[in-house]
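Q: First the structure, which I've put down as structure tokens, then a few questions once you've had a look.
Readers should treat all values here as calculations from the given coordinates under stated rules, not as data from a laboratory. Just so you know, these numbers come straight off a predicted model, no measurement behind them. We place every Cβ from the backbone using ideal geometry, glycine too, and count neighbours over all the protein chains shown.
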Amino acid sequence: ATPTAIMVATGVGANHGVLIKGGDALERAQSIRYVIFDKTGTLTQGKASVTTAKVFSRMELGDFLTLVASAEASSEHPVAKAIVDHAYHYHFFDKQSTAKGTEKQTKEGKLSGWLLEVTDFCAIPGRGVHCLINQKRVLVGNRNLLMENKITIRNEAESFLVGLELNAKTGILVAYDGIFIGVIAVADPLKREASVVIEGLKKMGVHPIMVTGDNWRTAQAVAKEVGIEDVRAEVMPAGKAEVIRSLQKDGSVVGMVGDGINDSPALVAADVGMAIGAGTDIAIEAADYVLMRNSLEDVITAIDLSRKTFSRIR
Ligand code: ADP
Ligand code: MG
């Protein structure tokens, strides 16, 4: 392709809200064989919400929610935000319908007055958080987090967890003072266009793969819903780039679509990194393409544009 053709393609991309950082990236996209999709915030809307909270101890639901929200208040994870929001609504809207507060509170307003004092807060990537409340250790996160801390999950809770994971929900487990006390189920719906885009990619001869830090059962349920057969779950943040490098070993050109801080090493490792425009700045910086409309359809737009631009000279 001539420099003019590349300039024209870059302009066409920009009109679709597809920002292309350079002619090399534009050229590589035509040969993409695999596209790796991050799950949370990329295939899903990234708007997690709590669907159920179940206490498996003598603690009252309200106290349980306050405890968990207090532990999660300093976390930036979408799961944490969903939990804090849910607890806040439980206390100020659902129970007392006469509550004077308005929905549009500042973050500080939302967090003041009802949360417990937390010390020793620590976020563990791909696992969850832990902290001290009333001098007792609180753990909030996935099975691996509880297992690593030698917390026993009761059978009754285990079957509850499996049930919600089979329905594509993520179960967040809670332990207090060394004892498992409950589960919070979080759902994050798929983006509307996701399945159509996956089908489209397959028709173009591109193999889609989903990669996530979430557990296997939930990951597989989401993948099935969206039409992806190839899933890599329970991948630690650093592992996403590793998945890409192993696919590149036979010379395959690999694209990666992601939105999170966790995704940036993978976006760099990929031959073609595509960041969701609404994603974090770090992801946007790491990518070769930025999809400003936040629509997965533009993954297809990007590959199409490259194919059309470069086929003319073959
Ligand atoms: P993803 O690839 O889905 O964005 P992450 O690597 O961010 O996943 O997290 C993997 C899993 O670790 C989550 O599905 C959740 O179970 C758990 N987790 C991570 N951070 C938190 C948190 N702040 N609170 C509870 N659970 C968390
Ligand atoms: Mg994500």
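Here is a yes/no grid of residues against (1) without any contact (Cβ under 8 Å) to a residue 40 or more places away in the chain; (2) within 16 Å of ligand 2 (Cβ to nearest atom); (3) touching a Leu at 6+ places or on another chain (Cβ under 8 Å):
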position: K191; (1), (2), (3): no, yes, yes
position: V206; (1), (2), (3): no, no, no
position: R217; (1), (2), (3): no, no, yes
position: V231; (1), (2), (3): yes, yes, no
position: A238; (1), (2), (3): yes, yes, no
position: A241; (1), (2), (3): yes, yes, no
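Q: For residues in region 245-262 being within 15 Å of ligand 2 (Cβ to nearest atom), touching a residue at least 40 places away in the same chain (Cβ under 8 Å) and not in a loop (DSSP other than H, G, I, E, B), which is surrounded by the most Cβ atoms within 10 Å (Cβ to Cβ)?
A: Checked region 245-262; the qualifying residue surrounded by the most Cβ atoms within 10 Å (Cβ to Cβ) is M256.
Q: In region 218-242, which residues are among the aliphatic types (A, V, I, L, M), within 23 Å of A48 (Cβ to Cβ) and assigned to a helix (DSSP H, G or I)?
A: Across region 218-242, the qualifying residues are A219, A221, V222, A223, V226.
Q: Moving on to the next point. Output the residue which, of all residues in region 37-75 that are surrounded by 22 or more Cβ atoms within 10 Å (Cβ to Cβ) and of a type in the set (G, A, S), is farthest from ligand 2 (Cβ to nearest atom).
A: S70
Q: Of the residues I153, I184, which is in contact (Cβ under 8 Å) with a residue 24 or more places away in the chain and assigned to a loop (DSSP other than H, G, I, E, B)?
A: Within the list I153, I184, the selection yields I153.
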